[in-house]
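Notes follow once the structure below has been shown.
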Amino acid sequence: MERKPYLDWIVYQIYPRSFCDANGDGVGDLNGITQKLDYLKELGVNAVWLSPCYKSPNCDNGYDISDYRDIMDEFGTLDDWKRMIGEMHARGIKLIMDFVANHTSSEHKWFKEARSSRDNPYHDYYIWRDSVPNDWQSCFLGSAWEYNRPTGEYYLHSFAIGQPDLNWENPKVREEMRAVVDYWADLGVDGFRCDVLDYIAKDFENGLMNNGPKIHEYIKELFGRDKVKRLFTVGECSMGEDKIADFCGANRDELKCIFQFDHIGLGRTGDKFERAERDIDGLRNTLVKWQYFTERNNLLYTLFTDNHDQAHFISRGGDDGEKRYETATMYAAMFYLLKGTPFLYQGIEFGTPDPHYDALSDFNDVETYNYYDAYQGKLKKEELLARINFGSRDNVRRPLCWDNSKNYGFSSADKTWIALHSRGAEVNLAQDRNNTKSVFEFYKRLLALRSGSDAAKYGVFEDRTQGNGYFAYTRTYQGEQLLVVYNFEQEKEITGLPDCEYVLGNALPRRANGRYGAFETAVFRKR
Ligand code: GLC
Ligand code: CA
């Protein structure tokens, strides 16, 4: 059987603003990341995806880029970046940069020029209309068209007003973006996470903002070239089974994989701010479906529960109070022992839950404020605040809680860029490592197990569940087999599984068949 590349990568996502502040100004920075590389090594990851660190006025925390070739002042300098990647590579850690191709900041010099007159050479870098042509809504709510007085036109912004969409129909734009990819490739990066990549191709004819007919041509032009083919590329472009192979099939020269989001809605409605009953059996069925589908079609799957856009999975997927340890470790084992490339979001490794705030002023995120504005007056104030607390992206953007010192060890500043995590005194790394039930220790052992086991990395997946309320699967490679059992919310007697040697779990060691408590999990091995 084929040992596919990237199945042995374990990626850790860093949101630089909130990771570690080395110079004490209240904002995380690149030198802070460099200081923590030994920690990441100890955890057992071998790649980092860094959310944007380019120059930006921060209307969307760096996803609005004003210079693709330089570092945001608050985060440091290009020399700091070079030192950081050097130190990463010295430790065998690869670096995946965020690549925001759909839009720039409205402060980018291209847009400043473009908006100044219809004759400006940069005007055609963006998408303009004389009047609002359709009812397209921004992903952050409100019309996607914004008036520009100097030219008397409207420009398209699929996201915030400060994020005008680039016009990919213009060959010059495509050339500029290829040059950006090459610039970072020449500086030694190992890959790109491609922000909302499906949005670069619009389909005006059919009224669709993304995944237009030219999407494959554009992606291939970017990443199919010999010079950059070696790079790992993961697209943020959730696709169904009918389309995914067109983006990351082995023969396509486009992407290595995409983030597939089918499982992410656990415990909420289609509106990410609205709680719903959680259906963990449904989650299992989704995972099973994608495991078989990607195996059959020889595609690389991505394994993740959290990122900088989603409230913490453990807070809506289980019990982040009394059973926080069990919930966090069960989902860790469930996802990261599947076949695919694991992505861990900062703080997940010690079970960081969602915080809670009583005032809107404790929030920062543009999506959150737009949601608040859209529902103000339509919902009771308490209900609206409850929704914000439930769904805000700020849930995962609080300064990381390293220990119990000032600002939980994130920064020595008197004021951090955003309010600290409301549960930081209770849930922080140092505290967790002192617990007999340590999420971090579990993660370390889990990732070591994954790295040291061909079955965990390359093994064929087989669903062993019979009934509901739990999930059991095997991963088999040559003579080695892993069996993993996850019990959901109700205590349950699980039977009918092959018995083999216990290797890891979040409850007392025992046999595969037997009684499991809420969110208990165990891993077994046969050779
Ligand atoms: C992606 C990013 C998100 C950002 C948006 C606009 O969805 O993950 O954080 O706000 O694109 O760039
Ligand atoms: Ca700083």
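Here are the numbers for the structure shown:
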{"item": "Yes/no for Gly467 being of a type in the set (Gly, Ala, Ser), more than 16 Å from ligand 1 (Cβ to nearest atom), assigned to a loop (DSSP other than H, G, I, E, B) and surrounded by fewer than 19 Cβ atoms within 10 Å (Cβ to Cβ)", "result": "yes"}
{"item": "Exclusive hit being in contact (Cβ under 8 Å) with a residue 12 or more places away in the chain, surrounded by 16 or more Cβ atoms within 10 Å (Cβ to Cβ) and in a loop (DSSP other than H, G, I, E, B), set Leu497, Leu483", "result": "Leu497"}
{"item": "Qualifying residues in the stretch 169-195 (those that are away from ligand 1 (no atom under 15 Å from the Cβ) and not in a helix (DSSP H, G or I)) - the one nearest to the chain's Cα centre (by Cα)", "result": "Gly191"}
{"item": "Filtered residues of the stretch 139-154 (kept if in a strand (DSSP E or B) and either under 26 Å from His308 (Cβ atoms) or within 16 Å of ligand 2 (Cβ to nearest atom) (or both))", "result": "Ser143, Glu146"}
{"item": "Search result, residues across the stretch 268-326 that are of a type in the set (Gly, Ala, Ser), within 24 Å of Ser51 (Cα to Cα) and more than 16 Å from ligand 1 (Cβ to nearest atom)", "result": "Ser315"}
{"item": "Which listed residue is within 16 Å of ligand 2 (Cβ to nearest atom), under 26 Å from Asp190 (Cβ atoms) and in contact with a Phe, Trp or Tyr (Cβ under 7 Å, 6 or more places away or on another chain), from Met84, Met72, Met97", "result": "Met72"}
{"item": "Subset of the stretch 127-145 (residues that are of a type outside the set (A, V, I, L, M) and at positive phi)", "result": "Gly142"}
{"item": "Qualifying residue in the stretch 85-96 (condition: in contact (Cβ under 8 Å) with a residue 40 or more places away in the chain and under 21 Å from Tyr218 (Cβ atoms))", "result": "yes"}
{"item": "Meets criteria (without any contact (Cβ under 8 Å) to a residue 12 or more places away in the chain, of a type in the set (Asp, Glu) and closer than 28 Å to Asp373 by Cα) for Asp165", "result": "no"}
{"item": "Count of the stretch 86-123 residues which are within 25 Å of the chain's Cα centre (by Cα), within 16 Å of ligand 1 (Cβ to nearest atom) and among the charged types (D, E, K, R)", "result": "1"}
{"item": "Where Arg475 falls short, out of the listed (1) touching a strand residue (DSSP E or B) at 6+ places or on another chain (Cβ under 8 Å); (2) over 24 Å from Asp306 (Cβ atoms); (3) basic (Lys, Arg)", "result": "(2)"}
{"item": "Qualifying residue in the stretch 242-258 (condition: surrounded by fewer than 19 Cβ atoms within 10 Å (Cβ to Cβ) and among the aromatic types (Phe, Trp, Tyr))", "result": "no"}
{"item": "Qualifying residue in the stretch 390-399 (condition: of a type in the set (S, T, N, Q), assigned to a loop (DSSP other than H, G, I, E, B) and either farther than 21 Å from Tyr12 by Cα or over 21 Å from the mean Cα position of the chain (by Cα) (or both))", "result": "yes"}
{"item": "Checklist (1) at pLDDT below 95; (2) closer than 30 Å to Tyr39 by Cβ applied to Tyr502, failing item", "result": "(1)"}
{"item": "Ala413 being out of contact with any Leu (no Cβ under 6 Å at 6 or more places or on another chain) and modelled with pLDDT of 95 or more", "result": "yes"}
{"item": "Of all residues making up the stretch 216-230, the number that are touching a strand residue (DSSP E or B) at 6+ places or on another chain (Cβ under 7 Å) and either surrounded by fewer than 20 Cβ atoms within 10 Å (Cβ to Cβ) or small (Gly, Ala, Ser) (or both)", "result": "0"}
{"item": "Residues satisfying the stated conditions in the stretch 7-46, i.e. among the aliphatic types (A, V, I, L, M) and closer than 25 Å to Thr233 by Cα", "result": "Leu7, Ile10, Val11, Ile14, Leu30, Ile33, Leu37, Leu40, Leu43, Val45"}
{"item": "Filter result for Val427 (among the aliphatic types (A, V, I, L, M) and not in a loop (DSSP other than H, G, I, E, B))", "result": "no"}
{"item": "Residue pairs meeting the criteria (Cβ under 7 Å; at least 6 apart or on separate chains; first farther than 14 Å from Val48 by Cβ, in the stretch 333-358; second among the polar types (S, T, N, Q) and assigned to a loop (DSSP other than H, G, I, E, B))", "result": "Phe335/Thr305; Pro355/Ser422; His356/Ser422; Tyr357/Ser422"}
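The values are calculated or read from the model by the stated rules, or taken from the named source; none is laboratory data. As the structure is a computational prediction, the values presented were derived from the model and not from experiment. FYI the Cβ positions are ideal-geometry reconstructions off the backbone, even for glycines, and counts take in every protein chain you see.
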